Amino acid sequence: MFNRVAVFFFMAAVSISQLAKAQVAMTVNDKGYLDTQGFSVFLYDSTYHPVFVDQKNTAMEMILHGQRIATNGDVRLMPTPEQWDLVATLKGRQIDKADNKLSASLAFPTFSLNYTLQVEAEPGGVRVSVNLDKPLPQKLMGRAGFNLEFLPSIYMGKAYLVDGTKAGIFPRTPDDPMIKVLPLPDEPKKAYYLEDWDKAKGYTQPLPFAEGKSITLGVDDALARINVTSDTGDLMLFDGRDRAQNGWFVLRSLIPAGKTKDAIVWHIRPNDIPNWTRPPMIAHSQVGYAPGFSKVAVLELDPKYTGPPTAKVLRLTEDGSYKQVFEGPITPSTPWLRYVYSKFDFSSVNDPGLYVIEYAGVRTAPFPIAKNVYANIWQDSLDHHLAEQMDHVSVREAYRVWHGASHLDDGRMAPVVGEQFDGWYQDKATDGRYKGGDHIPGMNVGGWYDAGDFDLEEPAQLSVIQSLALAYRTFNLKYDELTVNEGDRSVEMHRPDGVPDAVEQVKHGAMLILAQYHNIGHAIRGTHEPDLRQYTHLGDGASKTDGRIYDPKLGPNEVKGDYSGKPDDRWIFTTDNPYFEWNAIAALAAAADVLKGYDDAMAKDCLDTAIKAWNAQIANPTPTPPGSFGGAPTPASAPSGGVLGASQGQVAGARTARSTSASAAAPARGSFGVAMDWNAALELTIATHGAEPYRSRLKELFPEVITPQQMGLRGWSAVRALPYLDPGAKEQMRGAVKVYMAGLNQQLDSTPFGVPPSLGTWGGSGAVVDMAIHMYFLHEAFPDVVGPQYTLRAVNYILGTHPVSSTSYVAGVGTVSKTKTYSNNRADASYIPGAVIPGYVIIKPDFPECIDDFGFLWFEDEAVVAGSANWVVAGNAANAITKESHTM
């Protein structure tokens, strides 16, 4: 019998031997990291996040053959730390190009632990060392160690070898023995919610599943194989997923007693394939292209890759064969970040059919050329993602129940306890007749889970309402695939009920905002989980709470009708600011306009409430509270702002911003420079058919809104105001648009993709969707100034013409799309159709990343409902443009 196992171990031993002999020569490059072709090592090019702490993108990181295989290399006090566990303080960073050495000075001040983490080149790879200023304190013995975390999606199911002989397979499912590891006596006091979370979990940590002096990871994968050898303590391999589904594999060595210099020494040897170059990536639209319009693919190439000067388009025929229909030149390469980029224009290919692009033997997945390629790209976002995210109702799709009727016990007014996790904050102990801990009746209606969690983020709610109202009115959006019954709290997919889905979704959002005004008296910060056990909940939102209103008079497990003694009801953060107020007014006015003829009573309620709130803001302006971002929300899941007036990326910046503003006088002015009542004035003018005082306020704000600084934020929406302005307003705006476009074109030319780059913590797809929307309205009003290519370029970017891979950022849409997203079903390594992910980020200093087969990085993969609603607008805009008679 042929001994496959023996052959495997023989080949593995040969591979290890070859690894040891490989003479990888690394140097510190001009960007400040250790590099050789195929392998890079970063050291603290970024730091831990001030709010979210561990995001898996800092400390020592390794990129091997185009994949970031490891992160978070540093001293930690736990084998498998979670997101909020203690991290070292970075005191300084040194780059030594002469000796090809990187160093970081770090400390755990509470324990008087100061040390230097050093990574230096040596033959075959790098030497990693930890050097203490004095021996490890006794209390940290067995606790302090050097950790390096490896990406599960690369190594799951792959082989590892310990000391060259002991073999194993990285588990797909964590299943390790757990032990209790109590907090250290002098450990810094944590926030109360972290203390409660640790207690709830029982202070558990997993035991290692492998241990030895030398461990080779990914033995059977030449692209991911890497060997680590320790000169000091044993290497231990842990599975961080034992504690949390977003955990990584952790390689760890404990710091020994009595040592200072070289307390930890590792030698890391990658299987760096000689002369390896990253294969070409052909970025193109995964849904295809419309005849008569621009068709441009972008080639992302390794700087050392030498390829042909032309690319080809092949047609896929009925018998499965490919026929070349076009061959054309690629443009000279342009460097950007760590790659170079060329463009391939095949706009002359217009015959309907199925096609692929081929370059240097790399062939794309098939895509169509057809008149209707954009017709359905938005539908999953409306009738799947937004439908699945609907709170306070059950959602069913054929045999599948996405979730039951959730949070029927909403909610209790949040107590004043300081800043909560995720940046939430309650600023007052009482609000009207309610005090912290009181149940606020009538708040268990409407709204959408914001993102991969179950919060009701106020900015997200307001943005979704306005975006869907805009889509419905602009494109006569009568699409109907849902049955929504608010009376019995049920939603059914693929069951038309005669009411347009956009109308039903607008109504669902308006119910929540009306409830705030009717029961509290104003717009609010939102509704949030009371503890981390709920916050980290994945799965059915209906199982997060018991659905019964908390009654403190009942025992912990006592139930009496609709009441229980279990304090699991979500907290309602009633903090108000002018940003919420003015945009709630705009949302209600937009809803009123949409609901006419479908629910006239609610339409009237929306309009009456909006007018009353407007008058209240004029008479008694809501002040901007400390800790807000110029009136915008403080940290939480990032809403998209395409209709609210700030891009998703800009509003996402509010997640981490901390600024204190003085009380604002009405009308309040936001950090983006224009009065925050613009949207409210616009929507009330439309809803009241040009009534005063809203129309006069539009006229007053118009010159300010169309400045170059504001055009990309709110100015584009002035197109909708033109019917209510003086006759000369359109020509005035035309001149402003010309100035704006000149500056915009210069900005867009800064990347090979011709769209806003992703430069922040959160992936930048939201800003690109916003561009698609803004350019559509400017194009419709000024076609001689703004061509259709801007909207189509932005939409094609989302659908695959972007860096890293050509995977569509809209889950389930396109031939190849993202199918692992940071949604509430991410524990199943799955996705919600129509979810629009943030997309690539730059792992500093120069590595663009969006991992296709991993869904646990929120900054790359977390879809927000506001983004999906904006995509409904953008998708319809692209479809409308391709119906125009002219061609590009």
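The values are calculated or read from the model by the stated rules, or taken from the named source; none is laboratory data. A quick note: this is a predicted structure, and the numbers were derived from the prediction, not measured. All Cβ positions, glycine included, derive from the backbone under ideal geometry; neighbour counts span all protein chains shown. Just the protein is used for accessible areas: all its heavy atoms, side chains included, with ligands, DNA and RNA removed. Shrake-Rupley method; radii C 1.70, N 1.55, O 1.52, S 1.80 Å.
Consider Gly867 carefully, then state whether it is under 24 Å from Leu354 (Cα atoms) and either open to solvent by less than 10 Å² (accessible area, probe 1.4 Å) or not in a loop (DSSP other than H, G, I, E, B) (or both). If you could, list the steps in order and put the result at the bottom.
Numbers: under 24 Å from Leu354 (Cα atoms): no; either open to solvent by less than 10 Å² (accessible area, probe 1.4 Å) or not in a loop (DSSP other than H, G, I, E, B) (or both): yes.
In short, no.
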Would region 72-82 turn up any residue that is open to solvent by less than 10 Å² (accessible area, probe 1.4 Å), aliphatic (A, V, I, L, M) and in contact with a Gly (Cβ under 9 Å, 6 or more places away or on another chain)? yes
Within region 79-133, residues hydroxyl-bearing (Ser, Thr, Tyr) and either touching a strand residue (DSSP E or B) at 6+ places or on another chain (Cβ under 7 Å) or free of Cβ contacts under 8 Å to residues at least 12 places away in the same chain (or both) come out as Thr80, Thr89, Ser103, Ser105, Tyr115, Thr116, Ser129
Among the residues listed as Gly233, Gly258, the single one being surrounded by fewer than 21 Cβ atoms within 10 Å (Cβ to Cβ), in contact with a Pro (Cβ under 9 Å, 6 or more places away or on another chain), farther than 26 Å from Met178 by Cβ and among the small types (Gly, Ala, Ser): Gly258
Every residue in region 691-746 that is outside any helix (DSSP H, G or I) and either open to solvent by 30 Å² or more (accessible area, probe 1.4 Å) or closer than 26 Å to Pro757 by Cα (or both), please. Ala691, Glu692, Pro693, Ile706, Thr707, Gly712, Leu713, Arg714, Asp726, Pro727, Gly728
In region 418-437, what count of residues is obtained for those that are closer than 22 Å to Pro623 by Cβ and under 29 Å from the mean Cα position of the chain (by Cα)? 8
Check on Leu799, open to solvent by 20 Å² or more (accessible area, probe 1.4 Å), in contact (Cβ under 8 Å) with a residue 24 or more places away in the chain, within 19 Å of Cys850 (Cβ to Cβ) and of a type outside the set (Val, Ile, Thr): no
Given (1) under 31 Å from the mean Cα position of the chain (by Cα); (2) surrounded by fewer than 23 Cβ atoms within 10 Å (Cβ to Cβ); (3) β-branched (Val, Ile, Thr), identify the lone condition not met by Val499. (1)
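Grab the helices (runs of 4 or more DSSP H) fully contained in region 436-544, keeping just those with 2 or more residues being closer than 26 Å to Trp678 by Cβ and touching a helix residue (DSSP H, G or I) at 6+ places or on another chain (Cβ under 7 Å).
458-475, 501-519
Residues checked against (1) touching an Asp or Glu at 6+ places or on another chain (Cβ under 6 Å); (2) open to solvent by 10 Å² or more (accessible area, probe 1.4 Å); (3) part of a loop (DSSP other than H, G, I, E, B):
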position: Phe42; (1), (2), (3): yes, no, no
position: Ser46; (1), (2), (3): no, yes, yes
position: Val51; (1), (2), (3): no, yes, yes
position: Thr58; (1), (2), (3): no, no, yes
I need the strands (runs of 3 or more DSSP E) fully contained in region 365-426, keeping only those with at least 1 residues that are modelled with pLDDT of 95 or more and under 24 Å from Ile513 (Cβ atoms). 394-397, 400-403
Condition first: farther than 18 Å from Pro845 by Cα, open to solvent by 10 Å² or more (accessible area, probe 1.4 Å) and small (Gly, Ala, Ser). Now tell me which residues in region 755-786 satisfy that. Ala767, Ala781
Residue check, Tyr203 against (1) touching a strand residue (DSSP E or B) at 6+ places or on another chain (Cβ under 8 Å); (2) modelled with pLDDT of 95 or more; (3) surrounded by fewer than 18 Cβ atoms within 10 Å (Cβ to Cβ), all met but one. Which one? (2)
Check whether at least one residue in region 220-230 is farther than 15 Å from Glu149 by Cα, without any contact (Cβ under 8 Å) to a residue 24 or more places away in the chain and open to solvent by 20 Å² or more (accessible area, probe 1.4 Å), and report yes or no. no
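Has region 554-571 got any residue that is within 24 Å of Ser381 (Cα to Cα) and touching a Phe, Trp or Tyr at 6+ places or on another chain (Cβ under 7 Å)?
The answer is no; no qualifying residue exists.
Before we move on, is Ala311 over 30 Å from the mean Cα position of the chain (by Cα) and either more than 28 Å from Leu748 (Cα to Cα) or part of a strand (DSSP E or B) (or both)?
Yes.
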Could you tell me which numbered condition Thr574 fails, if it satisfies all but one of (1) in contact with a strand residue (DSSP E or B) (Cβ under 7 Å, 6 or more places away or on another chain); (2) farther than 30 Å from Ala610 by Cβ; (3) hydroxyl-bearing (Ser, Thr, Tyr); (4) touching a residue at least 60 places away in the same chain (Cβ under 8 Å)? (2)
Of a type outside the set (Asp, Glu), out of contact with any Cys (no Cβ under 8 Å at 6 or more places or on another chain) and without any contact (Cβ under 8 Å) to a residue 60 or more places away in the chain, is that true of Arg548? no
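Yes/no matrix, rows are residues, columns are (1) open to solvent by 10 Å² or more (accessible area, probe 1.4 Å); (2) within 25 Å of Leu792 (Cα to Cα); (3) β-branched (Val, Ile, Thr):
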residue	(1), (2), (3)
Asp262	yes, no, no
Trp266	no, no, no
Pro274	yes, no, no
Ala283	no, yes, no
Val287	yes, yes, yes
Pro329	yes, yes, no
Pro335	yes, yes, no
Tyr339	yes, yes, no
Phe367	no, yes, no
Checking Asn876 against (1) in a loop (DSSP other than H, G, I, E, B); (2) open to solvent by 10 Å² or more (accessible area, probe 1.4 Å); (3) touching a helix residue (DSSP H, G or I) at 6+ places or on another chain (Cβ under 9 Å), only one condition comes out false. Which one? (1)
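Residues that are of a type in the set (Ser, Thr, Tyr), more than 29 Å from Glu862 (Cβ to Cβ) and at pLDDT below 95: does region 664-674 have at least one?
No, that holds for no residue.
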State whether the residues of region 183-198 include one that is touching a strand residue (DSSP E or B) at 6+ places or on another chain (Cβ under 6 Å), over 28 Å from Ala829 (Cα atoms) and open to solvent by less than 70 Å² (accessible area, probe 1.4 Å). no
Among the numbered criteria (1) crowded, with 24+ Cβ neighbours inside 10 Å; (2) in contact (Cβ under 8 Å) with a residue 40 or more places away in the chain; (3) on the phi < 0 side of the Ramachandran plot, which single criterion is violated by Gly834? (3)
Going through (1) in contact with a Ser or Thr (Cβ under 8 Å, 6 or more places away or on another chain); (2) within 13 Å of Ala610 (Cβ to Cβ) one by one, Trp582 fails only at (1)
Test Thr36 against the stated conditions and say whether it is closer than 23 Å to Ile851 by Cα and of a type outside the set (A, V, I, L, M, F, W, C). yes
Return the pair list, or none, for Cβ contacts closer than 8 Å from residues in region 554-565 that are assigned to a loop (DSSP other than H, G, I, E, B) to residues that are open to solvent by 100 Å² or more (accessible area, probe 1.4 Å), at least 6 apart or on different chains. Leu554/Lys560; Leu554/Tyr563; Pro556/Lys566; Asn557/Lys566; Gly565/Lys553; Gly565/Pro556; Gly565/Asn557
